[in-house]
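S.K.: Below you'll find the structure I mean.
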Amino acid sequence: MSWLSILSGLLLLLCILKPGIRSLADRLDGRVLELDDSNFHSAISSFDYILVDFYAPWCGHCQRLSPQLDEAAPVLAGLKDPIAVAKLNADKFTTVARKYEIDGYPTLKLFKHGVPGDYHGPRKAHKLVSHLKKIVAPDVSILGSDSAISDFVEAAGTYFPIYIGFGLDEMVISHLAIKYKRKAWFSVAKDFSGDAMVLYDFDKVPALVVFHPNYNQQSVFYGPFEDEFLGDFIKQNLIPLAVPMNHETLKLLSDDDRKIVLTIMEDENEEKSQKLIKLLKAAASANRDLVFGYVGVKQWDEFANTFGANENTNFPKLIIWNGDEQYFTVIGYESLDEEEDQSSQISRFLEGYREGRMEKKMIKGPSFMDYMNVIGIAAVFIIVFLVAILMLIRRLSTHDDNKPHKDIYADDDDDEGEEERSAESPESDYEVRKKED
């Protein structure tokens, strides 16, 4: 008997013994896989990356998540590192659910080479794709040509800032790339042309370039590349120079301990407002110890009103805010005069702030954390009360084999109820950890 015959026989035997592996692997066609007790483990071992939705048919939020997964699945299947998407009825197939400690619906877990991790990122289809692409990507991508740089930037998309180290050793930024993996793309270019230097606007190496595709903003860092200075540059450039205030950017700012210079204007889209935003960017570039944000009353009146902005306010209004219930106005520069040089007024406002010529005021409504979580004070007490009741029920039923059925998917009209963890965690979207009550 030839070695070829023996090998063919072994392969045939493998297919007979594990038919689920071959059939499931062949189905990475962009559809969401239906798993059960019989094929779950073969599916996990068949794919390098597979996102599993543990759901219950009666769960309303699970029903809302399902079409998002249907939309994301073909995109994820077509990635350079494909990600399969599957779902399992955890209310029916309880053996698997108990093994992975599923006690709420929907629960998303990403299996990387068979190892499970909780997924806490956004669940809207396009944002889910963006986050999962980052999770499975290398911490630092190595780029060897201009075309590789171009391909990397295109694949990264526009949702996250992109850092490219030109002539920089990957070990210099690797630990920071791990630390901020949830928030940015990181790469180093080993070989590049003069055209790339012109395109990315740097004139010597080593250089670390960061740009925000969504905001058309770019900065260059030439060192020193010690941890303190490099870390400050990376952290400060995770957000654009001038930040439009919305629920998404408030989440980003929750990890930033700098004070916010907030400009409140009538309409962000007006031509005069766009000119002012350019001045704010220039001021932000020269004052990196501060965050410069802006909000239009027309865009988010509820947020603007918490700082006393109303029909009687002289716009644009400038304040200093550190995210809690207090904010400060600079005496003599509560608002900008549109008839005078606004750049000079911003400079004098900053001088007044640094000299302490300020007046303390209280916001009229939710604090930074309330806005970040998009819930009111009353809702907090209600949630705390409900959690206490659930914990009591759980304790009383510890001898019951049936797990508690909770619907844990927060309202997702704009991904505002998603769980977010601090960027200080090196793998904040993907972490193998014990599930907590």
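S.K.: Can you tell me which residue in region 162-175 is farthest from the chain's Cα centre (by Cα), limited to those that are farther than 13 Å from I142 by Cβ and open to solvent by less than 10 Å² (accessible area, probe 1.4 Å)?
M.R.: Of everything passing the filter in region 162-175, Y163 is farthest from the chain's Cα centre (by Cα).
S.K.: Which condition number does P138 fail, the rest of (1) part of a loop (DSSP other than H, G, I, E, B); (2) open to solvent by 20 Å² or more (accessible area, probe 1.4 Å); (3) over 18 Å from P213 (Cα atoms); (4) touching a residue at least 40 places away in the same chain (Cβ under 8 Å) being met?
M.R.: Failing condition for P138: (4).
S.K.: Just one of (1) buried (at least 20 other Cβ atoms within 10 Å of the Cβ); (2) in a loop (DSSP other than H, G, I, E, B) trips up F225, so point out which.
M.R.: (1)
S.K.: When you look at E302, is it assigned to a helix (DSSP H, G or I) and not polar (S, T, N, Q), yes or no? Don't jump to the end; show me each part of the working.
M.R.: Numbers: assigned to a helix (DSSP H, G or I): yes; not polar (S, T, N, Q): yes.
Spelling it out, E302 is indeed assigned to a helix (DSSP H, G or I) and not polar (S, T, N, Q).
S.K.: Any idea which of (1) at pLDDT below 95; (2) open to solvent by 40 Å² or more (accessible area, probe 1.4 Å); (3) farther than 16 Å from G293 by Cα is the one D324 doesn't satisfy?
M.R.: Checking D324 against (1) at pLDDT below 95; (2) open to solvent by 40 Å² or more (accessible area, probe 1.4 Å); (3) farther than 16 Å from G293 by Cα, the one that fails is (3).
S.K.: Further, regarding this structure: Do the conditions hold for E351, that is, is it assigned to a helix (DSSP H, G or I), more than 22 Å from K251 (Cα to Cα) and out of contact with any strand residue (DSSP E or B) (no Cβ under 7 Å at 6 or more places or on another chain)? Steps first, please.
M.R.: Details: assigned to a helix (DSSP H, G or I): yes; more than 22 Å from K251 (Cα to Cα): yes; out of contact with any strand residue (DSSP E or B) (no Cβ under 7 Å at 6 or more places or on another chain): yes.
Answer is yes for this residue.
S.K.: Evaluate the following for K133: is it open to solvent by 20 Å² or more (accessible area, probe 1.4 Å) and not in a helix (DSSP H, G or I)?
M.R.: On the way: open to solvent by 20 Å² or more (accessible area, probe 1.4 Å): yes; not in a helix (DSSP H, G or I): no.
No, not satisfied.
S.K.: Can you name the residue in region 300-320 that is under 21 Å from Q342 (Cα atoms) and β-branched (V, I, T) and is also surrounded by the most Cβ atoms within 10 Å (Cβ to Cβ) among such residues?
M.R.: The qualifying residue surrounded by the most Cβ atoms within 10 Å (Cβ to Cβ) is I319.
S.K.: Give me a count of the residues in region 242-299 that are assigned to a strand (DSSP E or B) and open to solvent by 10 Å² or more (accessible area, probe 1.4 Å). Give the steps one after another, and end with the answer.
M.R.: Step one: of region 242-299, the residues assigned to a strand (DSSP E or B) are 242-244, 259-265, 290-296.
Filter again for open to solvent by 10 Å² or more (accessible area, probe 1.4 Å), leaving 244, 259, 294.
So the answer is 3.
S.K.: Next question, about the same structure. Suppose we keep only residues that are in contact (Cβ under 8 Å) with a residue 40 or more places away in the chain and polar (S, T, N, Q) within region 300-326. Which one would you say is farthest from K259 (Cα to Cα)? Walk me through it before giving the result.
M.R.: First pass over region 300-326, keeping only residues in contact (Cβ under 8 Å) with a residue 40 or more places away in the chain: 300, 302-309, 313, 315-325.
In the following step, the residues that additionally are polar (S, T, N, Q) were identified as 305-306, 313, 322.
On the way: N305: 19, T306: 17, T313: 23, N322: 5 Å.
The selected residue is T313.
S.K.: If only one of V209, V205 is in contact with a strand residue (DSSP E or B) (Cβ under 6 Å, 6 or more places away or on another chain) and open to solvent by 10 Å² or more (accessible area, probe 1.4 Å), which one is it? I'd like the intermediate steps shown before the answer.
M.R.: Numbers: V209 fails: open to solvent by 10 Å² or more (accessible area, probe 1.4 Å).
None of the other options fit; the residue is V205.
S.K.: In addition: Among the residues of region 177-206, how many are over 30 Å from the mean Cα position of the chain (by Cα), among the charged types (D, E, K, R) and in a helix (DSSP H, G or I)?
M.R.: 1
S.K.: With (1) more than 19 Å from the chain's Cα centre (by Cα); (2) of a type in the set (S, T, N, Q); (3) modelled with pLDDT under 90 as the list, and S219 as the residue in question, which single condition is left unmet?
M.R.: Here S219 meets the rest and fails (3).
The values are calculated or read from the model by the stated rules, or taken from the named source; none is laboratory data. All values reported here derive from a predicted model rather than from experimental measurement. Reconstructed Cβ throughout: ideal geometry from the backbone, glycine too, with neighbour counts over all protein chains shown. Each accessible area value is taken on the protein alone, full model and side chains, heavy atoms only, with ligands, DNA and RNA left out. Shrake-Rupley method; radii C 1.70, N 1.55, O 1.52, S 1.80 Å.
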